[in-house]
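Below is one structure, written out as structure tokens; comments come after it.
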Amino acid sequence: MKKKYLFALLMIGLAANLFAQANPLDQFKADKFGLFLHWGLYAQTAGDWKGHKVKGGEHFMLYERIPVQEYGTIASQFNPVNFDADRWVKQAKETGMKYIVFTAKHHDGFAMYNSASSDYNIVKRSLFKRDPIAELAKACKKYKITLCLYYSLGRDWQDPDVPTNWPVKAGRSNTWDYPNEDAKVFSRYFERKVKPQITELLTHYGPIGVLWFDTPELISKKESAELKALVNKLQPNCLVNNRIGNGYGDFSISEQSLTPSSKKAWESCLTIGQNWGYNRHDSLWKSPEVLVRHLVEVVANGGNLLLNVGPKGDGNFPDWATERLKAVGKWMDVNHEAIYESQPWLVVKEDMTIVKENIPIEESKNTIKDAVFDGTPKNITPDVYYTAKDKTVYVFLRSWQTGEVTLKQINKKNLSIKDIELLGNKNQVRWRITDQQLDLNLPVDFKKGEQIPIYVLKITTN
């Protein structure tokens, strides 16, 4: 009887462990770091139209008021012969990213896969004649990267039935091809294009980790619920973000911002430069140091970082993007254990006399950002952030220049310290704890090599 009881307890424990491992939201939160890929016809024009520089980046169809028929002619020039899904995914892997979000359909309505429900797609209209998502799915499986897909939900400038309400009525609608905004019926577009394409995306490419919806605009609560039910039916483990609309998302988004958008699961999506899609005029790029600072701040606040690259029209990543991804990857090689599967610690950062609760910011039409916007901090000053895992506290010394460190929050939490080490450095960290603070001296060679000046102390507690 006792053996049966112990066996039953073992089975229950194994089942609980498998359930925990299989929880897709928990896995998403543990992964922490992903690659956003904005790639479409706008990569071919790369910021120019008819001999002049455009506004709005990848939204230039709207800003230039280009008719669908004319915009579609870009596809006849689009032949990204250098596209290599294996190389893209390998780069994400080497950067330390765990998932990829690829633009299956952006606001221009052009599908970047072989859509059976709309011939307005890369296979049927372009010279390329290949399906990037099929090739990315194969590469993601090879490198054990989770494939996720972006889908513009409430904006589609190719379809005649998509009204918008931001920042005003018809503010982001195609009113030059379809001027009668009141005649547009979202449900017709929803039935004709959205549901068939979502069905294609969830049935043709294997497991999809996230359907990353954008711009819910005028989708009704009933339609959001119906869309969520469709996703759950086709792929029960596929998450959706809050831009499915009407409160049906599994996690929330902070766009071009490091501010937590939820007390639960959230993701910050950021550009390296000014634009989401490739733009030859982009010349202001975040440094590797700034990118790692952003990653640390987001993770310390319990979020994920989705870092964007806009591949060029020929299928290559811009050199400046590859250079930065490689630098971040070298930093992750040394410090990844402080990122993956970590949790926010009892305090987010050092020297906070009062730890304020992060107040969730609900996305609405007032918080939707335009094409070119960046709300991330620009300053680079030395500071300290924390994450934790089991009995370990990780201390991020961001943009650190001195060998001396004073931590007051550690003492306030009455930690019983067993050991302290500097990740990537085998030399001893000297430390002394008092009633007021923890004083540390880093190894004399803590700045060795050409590396991003963000160092991680690993504090093991009893």
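With respect to the chain, whose longest principal axis is taken over its alpha-carbon atoms, helix 132-143 is tilted by about 20°.
Could you work out the relative contact order of the chain, using alpha carbon pairs under 8 angstrom and six or more residues apart, expressed as a whole percent? Spell out each step's value before the answer.
On the way: 923 pairs, mean separation 72.3, N = 462.
In percent, rounded to a whole number, it is 16.
Take the Cα of ASN379, step 7 Å toward its Cβ, do the same at ASN411, and the gap between the two points is 2.5 nm.
3J(HN,Hα) along region 160-166, derived from phi through the Karplus expression 6.51 cos²θ - 1.76 cosθ + 1.60 where θ = phi - 60°, amounts to x, 10, 10, x, 9, 9, 10 Hz, with x in place of Gly and Pro. Computed from Cα positions, the angle between helix 288-300 and the longest principal axis of the chain comes to roughly 80 degrees. Applying 1/(1 + (r/R0)^6) with r as the Cβ-Cβ distance of ASN441 and ARG65 and R0 = 56 angstrom yields a FRET efficiency of 0.35. With K and R counted +1 and D and E -1, the other residues having a Cβ less than 13 Å from that of ASP131 yield a net charge of +3. In sequence order, region 144-152 has phi-based couplings of 6, 10, 7, 8, 10, 10, 8, 9, 5 Hz under the Karplus curve 6.51 cos²θ - 1.76 cosθ + 1.60, θ = phi - 60°, and Gly or Pro positions carry x.
Ignoring ligands, DNA and RNA, what accessible area per residue does the chain give at 1.4 Å, in Å²? Present the calculation step by step, with values, prior to reporting the outcome.
On the way: 20780 Å² over 462 residues.
Averaged over the residues of the chain, the accessible area is 45 Å².
Remark: C-alpha extents of region 121-189 on the principal axes read 48, 27, 20 Å, sorted largest to smallest.
Please report the net charge: other residues with Cβ closer than 11 Å to the Cβ of GLU350, K and R +1, D and E -1.
Numbers: positive: LYS349, ARG398, LYS408, LYS412; negative: ASP351, ASP383.
Residues near GLU350 contribute +2 overall.
How much of the accessible area of the chain, probe 1.4 Å, is carbon plus sulfur, in whole percent? In the chain, the share of accessible area belonging to carbon and sulfur is 52 percent.
Would region 24-250 count as rounded, prolate or oblate if I go by the C-alpha gyration tensor, calling it rounded below 1.5 in a/c and otherwise prolate when a/b exceeds b/c, oblate otherwise? List each step's numbers first, then the result.
Details: a/c = 1.75, a/b = 1.16, b/c = 1.51.
Oblate, because a/c is 1.5 or more while a/b does not exceed b/c.
When only the Cβ of Lys, Arg, Asp and Glu is charged (+1, +1, -1, -1), the dipole of region 24-250 relative to its Cα centre reaches about 500 debye. Measuring r between the beta carbons of HIS204 and LYS264 and using R0 = 30 Å, the FRET efficiency lands at 0.45. Taking each of LYS93/LYS144; LYS286/LYS330; LYS330/LYS389 in turn, the alpha-carbon distance tops 19 angstrom for LYS330/LYS389.
Evaluate E = 1/(1 + (r/R0)^6) for SER287 and GLU341, where r is the Cβ-Cβ distance and R0 equals 22 Å; express this FRET efficiency to the nearest 0.05. If you can, show how the numbers build up before the last one.
Numbers: r = 27 Å, r/R0 = 1.23.
That gives a FRET efficiency of 0.25.
Note on exposure: HIS281, HIS59 ranked by accessible area (1.4 Å probe, complete protein assembly) read HIS281, HIS59, with the most exposed listed first. A simple rule links phi to the HN-Hα coupling: the Karplus curve 6.51 cos²θ - 1.76 cosθ + 1.60 with θ = phi - 60°, which for region 398-407 gives 7, 6, 8, 10, 9, x, 9, 9, 10, 10 Hz, with x for Gly and Pro. Its residue count N fixes a reference of 2.2 N^0.38 Å for the chain, and the Cα radius of gyration divided by that reference is 1.05. Could you state the angle between the C-alpha long axis of helix 319-335 and the longest principal axis of the C-alpha atoms of the chain, as a value from 0 to 90 degrees rounded to the nearest 10? Roughly 30 degrees between the two axes.
With all protein chains in place and ligands, DNA and RNA left out, the 1.4 Å accessible area ranks LYS228, LYS50 as LYS50, LYS228, largest first. For LYS53, a cut-off of 16 angstrom between C-alpha atoms picks up these aspartates and glutamates, skipping any fewer than 8 places away in its own chain: GLU64, ASP282.
The values are calculated or read from the model by the stated rules, or taken from the named source; none is laboratory data. Not measured: the values here are computed from a predicted model. All Cβ positions, even for glycine, are placed from backbone atoms using ideal geometry, and neighbour counts span all protein chains on display. For accessibility, only protein heavy atoms count, side chains too; no ligands or nucleic acids. Shrake-Rupley method; radii C 1.70, N 1.55, O 1.52, S 1.80 Å.
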